[in-house]
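As structure tokens, the structure follows; a few thoughts come after it.
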Amino acid sequence: MKTCPIHGPIPDDLISCRACAERKSREMTLHQQKEYLPEILSSQRELTLSRPASERRWHILLAGVRGLTFCGSTSHPSWRRRRTTYAEMGYIAICSGCHDTLEGLVKEIDSAEVR
Ligand SMILES: [Zn+2]
Ligand SMILES: [Zn+2]
């Protein structure tokens, strides 16, 4: 039986660790968001926010990807939606996971530009 160094034994019907594959694909998806960040930061591209009616805070949908949020949730078609710009986002209650993930990418871009 194969073993993942992080997650332990891998079931025989899988070719690699599912948790690691999911993490890698999420990292790839987030990495791709950097392409949109300059437009988002200059408010040329709007962000789409989405939340279930029962929640107060809005999740931020990934740009160019259907139904996925920055914190890793999946937006449901029944969720409410609204659009905002990065500049106006500061006045809206945002999911802390989405906010921190987005700001983390912004920081990565900033430090890449300094070099
Ligand atoms: Zn793993
Ligand atoms: Zn979120």
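Things worth noting here:
- Any chance residue 5 is touching a Ser or Thr at 6+ places or on another chain (Cβ under 6 Å) and within 16 Å of ligand 1 (Cβ to nearest atom): no
- All helices (runs of 4 or more DSSP H) inside region 1-108 with 1 or more residues being in contact with a Lys or Arg (Cβ under 6 Å, 6 or more places away or on another chain) and acidic (Asp, Glu): 37-41
- Subset of region 19-60 that is in contact with a His (Cβ under 8 Å, 6 or more places away or on another chain) and not hydrophobic (A, V, I, L, M, F, W, C) - its residue that is surrounded by the fewest Cβ atoms within 10 Å (Cβ to Cβ): 52
- One residue from 87, 63 being closer than 18 Å to residue 102 by Cβ, in the same structural domain as residue 108 (by TED's automatic domain parsing) and surrounded by 13 or more Cβ atoms within 10 Å (Cβ to Cβ): 63
The values are calculated or read from the model by the stated rules, or taken from the named source; none is laboratory data. None of these values were measured; they are calculated from a predicted model. In this analysis, Cβ positions are derived from the backbone assuming ideal geometry, glycine residues included, and neighbour counts consider all displayed protein chains.
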